[in-house]
Amino acid sequence: MSEKGEVDLTGAKQNTGVWLVKVPKYLSQQWAKAQGRGEVGKLRISKNQGKAEVSFTLNEELTVIDSVGDKGSQVHVPREHPFTMQMVGGQTLAVFTETSSGKAWGDKIALEGVVVQRAECRPAVSDSYMRLKRLQIEESSKPMRLSQQLDKAVTTNYKPVANHAYNVEYERRKKEEGKRARGDKQQVLDMLFSAFEKHQYYNIKDLVDITKQPVTFLKEILRDIGIYNIKGTHKNTWELRPEYRHYQGEAEKSD
Amino acid sequence: MCVSQGSSSSSATEYIVRVPKNTSKRYSIMAFNAGDKVNCSTWTQARMERDMSNKRMYSEEETVESGAGSEFGKKQREEARRKKFGIVTREFRAEDQPWILKVNGKAGRRFKGQKKGGVTENASYYIFTQCPDGAFEAFPVHGWYNFTPQAKHRTLTAEEAEEEWGRRNKVVNHFSIMLQRRLREQERGEDEEEDGEKAGKKKKKKKGDKGSDLRIHDLDDDLEISSDDSDSSLAEDGESKPKVKKENDKKGKGKKKKRKKGSDSEALEDSDDGDFEGLEVDYMSDESSSCVMCSGIDEASESEEESEEERPNEEEGKEEAEEEGKKTPVQQEKKKRRGSVLRALQSAPGKKRTPPKRAGGRGSGGSSRTGSRPGTPSMDSASTSNTLRAAASKLEQGKRQTPGASSSDTPAAKRLKMEPSPQSPSGKATPQPTSGKSTPSSSDVQLTEDAVRRYLIRKPMTTKDLLKKFQTKRTGLSSEQTVNVLAQILKRLNPERKNINDKMHFYLTE
């Protein structure tokens, strides 16, 4: 069992050689449609007068593209793809794999092998390929955003209203609450202390909101029990005086 | 699974290509630079993890959420603020983070693998591996990571690198750069304060050494240092290599050596500063009265000279004060000694200080002063002075130049003279005073013993007054010579001393 982070080096030790092949996008899309065991085609390697020739032939059933959109006729992907072999010179390329454990990738990392040959998969040029390319270009040249002219003006958004619903609601709420009345000082103190248990710094507006007291009254109380700091980090906020606060562990009120 | 087709000049084999559907394994490329000479088959053990060091940058977990230190509605406010300014923070994606690969454990190599962007945008890469059944399997490459080896050796920080860049034309020995940095770090580990200063000083020293900046030095310490290895390296062109090599050898003394190196060149350059003026012997040690007189004379040789002397004293005092904080205990001791010396000197004359310094005058005054300075203040200096003598003599040999230059020898010379002063005031050091003394133009009518005697019988005089009587223009002697000769005369006369108005007066009774 390998622990997390430990790299399985069997591939490296065996010096497994692999090929790195660059494949065109459309081909990889076709390959994704493969059925069954995943057979996609055949690779022919021939030695022609000393030079190795590699070519890939796509399976018949995968040549059909379900083209999206307007055209009725289907475009075919070319079948023959000769490989262009390249050197691995300037870099040492190794292949490693991450195994997923359902949630996260990268639980098991294994070194699969070293790249010994690089290749590019090129399509053999044919008419069908040209058509395919043309389609692709057309699609990619479409702008992402489209300006469209409308026949009728949009009238559903804003209608003139005597008084907006939100506004009405607001006024009603205000009237109902009425002016803030000074409550019992002890009650207010309790409210303040419990508020300061949750957070250390409060804006005066927030405190007014919490306690529902008029500002002047609240300020008086605060002047007793708290300090107003023009702190560097926090803008002008109120906090409890040191003797009143116990911030480590349980918050106790001292009076 | 493979079909062979023979033909005349070519043979072909066909393989089936499969693209497996199972997605449990994700393939990625690990790219190393060919120059790093990485051979995966030599790896015995490897560990690889994501480098999560950038996580905190994105998570913004610095603010306290609740309880102490938190603010009501902080989060909402911050978010509103961000939206207002249009700050968009990119989310932290673990998948895009670099890999840290450690090969062969602690002693092995470390690599950092950064994801290369744009690999899967226009084309897909597939890994073709051959299966046991002869078919090829193609796996898509998920990501490409470029792995670069990470340096395990010490590197310079950005500031240090900038420093060194500025000195690149002057630095010859590059090995010392990291060495001194390591020394600095060592000291920092030992004692914070002291070492901080020392390091600072070392740095300064080092800079000065290489860059030949002018620095205030205690020639004392410099000479002592040089005395330590007087054989090895009083290379006067201040070549860094041998000096630095020595520094490399004796790390403990590294500081000293460095200082010495710089100081050698600087001592020579600073000869005009006259900070050696103050390097006088302790006034109050028991020396012969003649020497005291001589010292009195020297101090009072000319009004300017005297003030100059006091000025260097002052400077020296200042220097000492400055450097006190920086020097090692040993050096501090010596400084204190010198400090006591200086204070003694300062108390003795008690004249006003005048700003202008005259190198020439001071030089001569200094040298002559050294000539007549009485003995050593303490035993330590005595012991060092022996080696100092050697050092100083070497210095001299290199520096047979102007009187100004020779005055740089005078500090050494002074120390030397401390010992044998009663007998041979000139000691071995400066050629000038020696010559001056060896050929006292006492043949001249003006400055004779009789003349001095006459004056002293008539009324008590300070050395300064005496010197005024024998002005250089009239006697034809140089001021240096005058002082020397007068000193000799006074020694011979051995007048009595009296303190009038805080000034030492000489007088004779018939």
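Bear in mind these aren't lab numbers, they're just calculated from the coordinates by the rules spelled out. Computed from a prediction, not measured in an experiment: that's the story for all the values here. Virtual Cβ from ideal backbone geometry, glycine too; neighbours counted across all protein chains shown.
For the reader, a short list of remarks on this structure follows.
- For the peptides A:185-195, A:13-23, the ranking by mean Cβ contacts within 10 Å, running from highest to lowest, is A:13-23, A:185-195.
- Near the amide H of B:T462, within less than 5 Å, lie the amide hydrogens of B:F506, all on another chain or at least 5 residues away, with H placed in the peptide plane.
- Ascending count of other beta-carbon atoms within 10 Å, so fewest first, for A:M87, A:M130, B:M30, B:M461: A:M87, A:M130, B:M461, B:M30
- Vicinal HN-Hα couplings computed from phi for segment A:115-126 (Karplus, 6.51 cos²θ - 1.76 cosθ + 1.60; Hz; Gly/Pro x): 6, 9, 8, 10, 8, 10, 8, 10, x, 6, 5, 8
- Cα-based values for segment A:117-246, radius of gyration first and Dmax second, are 32.5, 90 Å.
- Inter-part distance, segment B:76-98 to segment B:122-158, computed on C-alpha centroids, equals 31 Å.
- For the segment A:10-23, counting C-beta atoms of other chains within 10 Å of every residue's C-beta and taking the mean gives 5.
- Cα centroids of segment B:33-50 and segment A:134-162: 54 Å apart.
- Residue pairs, from the table A:K179/B:K74; B:K469/B:K491; A:K4/B:K112; A:K13/B:K102; A:K205/B:K83; A:K179/B:K75, whose Cα atoms sit over 20 Å apart: A:K179/B:K74; A:K205/B:K83; A:K179/B:K75
- For chain A: rounded, prolate or oblate by the Cα gyration tensor [a/c cutoff 1.5]: oblate
- Amide H within-cut-off set for B:V141, under 5 Å, with H built and near neighbours excluded: B:Y125, B:Y126, B:I127
- Panel order for B:V452, A:V208, by other beta carbons found within 10 Å of each beta carbon, from fewest to most: A:V208, B:V452.
- Taking amide H atoms as placed 1.01 Å from N in the peptide plane, the amide H of A:A94 lies under 5 Å from those of A:V115, B:M30, B:A31, B:F32, each 5 or more residues away in sequence or on another chain.
- To the nearest ten degrees, helix A:127-141 and the longest principal axis of the Cα atoms of chain A are 10 degrees apart.
- Segment B:12-166: C-alpha gyration tensor shape, a/c 1.5 cut-off, then a/b vs b/c: oblate
- Exercise: per-residue mean of other protein chain Cβ atoms within 10 Å, A:189-198: 1
- Remark: relative contact order (chain A) = 16 percent; criterion is Cα-Cα distance under 8 angstrom and separation of 6 or more residues.
- Against the main long axis of the alpha-carbon atoms of chain A, helix A:185-198 sits at an angle near 20°.
- In nm, spacing of pseudo-spin labels at A:Q186 and B:E79 (7 Å Cα→C-beta vector): 4.0 nm
- Using C-alpha pairs under 8 Å with a sequence gap of at least 6, the mean separation divided by the residue count of segment A:1-140 gives a relative contact order of 33 percent.
- Reciprocal of mean inverse Cα separation for segment A:1-140 (Kirkwood radius, Å): 17.9 Å
- Neighbouring Cβ atoms from other chains, within 10 Å of the Cβ of residues in B:28-40, number 5 on average.
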